[in-house]
Amino acid sequence: MVSALIFAGGIGQRMKSLDIPKQFLEIEGKPIIVRTMEHFSNHPMVDNIVVVCVENWLDVLNQDIEKFGIKKVIKTVPGGATGYHSIHNGLLEVAKVAGDDDIVLICDGVRPMLSEELITTCIEDARKYESAVPVTPSIDSVLYSEDGENCNKNYERRKMFITQAPQGYTMRKIMWAHEQAEEKHLDPVSSGELLIELGENIHIFQGIRENIKVTTPEDLESLRAIQYYEHYKQFAKEVLKYGL
């Protein structure tokens, strides 16, 4: 069994959208979180979906799931105080239907440019390695600073990678990690970072640069530009096809 855990428990302060959490901002009439859910709903290897959401937006989420015909959603649950706690809430729901060897795909709700191939690779690698984290090579040099003002350390760019989502794990692996986090009072940024902090190796594989996480107003504009370009390409194909 493969479950998708989509978490959107935050309000997205960096987006600066005062009234609407970033996951509910619309692109051409469709909320970003709906576009994210659709990738998992339409994937033939995904069996069910659990969505974690800002508590006072759960009604809106459920209405959107029905309005846009999102299939496979078995439960929507309120988020926690942090991203980790939101994921934890979702995992407890997934654990009700999944066994130790089943796969869970953990993905933030603001990745509307996922691909079927990326999800497939994540599932297959998670089955093989018990963990699967998509990454892209860093195209920029990376410096380290303790205070944000002074720097005396840099990293080799060829060894630096940017993590993406979904991240795939066996339920046995990720539930063990969360049990450890609860015991040690850890609050990691991501599931991959949690496993590394616990001394585990994680398997990484090549992601896709188009798989952007919509976090800032600039990301939103990039997404809109990509959508406009895709429509332009489709229009150009039709023009060439019919000789208009």
The answer for the chain, counting only DSSP H helices whose Cα atoms cover 24 angstrom or more along the axis and whose Kyte-Doolittle average is -1.0 or greater, is 217-242
Taking each pair of distinct Cα atoms in the stretch 24-146 once, what is the resulting Kirkwood hydrodynamic radius in Å? 15.9
Hey, with R₀ at 22 Å, roughly what FRET efficiency would residue 1 and residue 58 work out to, going by the Cβ-Cβ distance, to 0.05? 0.35
Tell me what the chain gives for mean residue ellipticity at 222 nm when only DSSP H runs of n ≥ 4 count, each as -39,500 (n - 2.57), the sum divided by the residue total, rounded to 500 deg cm²/dmol. -12000 deg cm²/dmol
Dipole magnitude (debye, nearest 20) for the chain, charges at Cβ of Lys, Arg, Asp, Glu: 700
What list of whole percents do you get for P(r) of the stretch 73-205, with Cα-Cα distances grouped in 10 Å bins up to the one holding the largest distance? 11, 37, 35, 14, 3
Order 71-78, 134-141 from most to least packed using the mean count of other Cβ atoms within 10 Å. 71-78, 134-141
For the chain, with the dipole built from +1 on Lys and Arg beta-carbon atoms and -1 on Asp and Glu ones, taken about the Cα centre, which of 192, 6, 136 lies farthest toward the positive end? 136
Count the DSSP beta bridges whose two residues both fall in the stretch 2-213, then state the antiparallel fraction as a percent rounded to the nearest 5. 40
Gyration tensor over alpha-carbon atoms, the chain, equivalent ellipsoid semi-axes in Å: 28, 24, 20
Compare the peptides 192-202, 102-112, 161-171, 119-129 by average per-residue count of other Cβ atoms within 10 angstrom and give them in order, highest first. 102-112, 161-171, 119-129, 192-202
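Where a number appears in this text, it was derived from the coordinates with a stated rule and is not lab data. All of these numbers come straight from a predicted model, not from anything done at the bench. Reconstructed Cβ throughout: ideal geometry from the backbone, glycine too, with neighbour counts over all protein chains shown.
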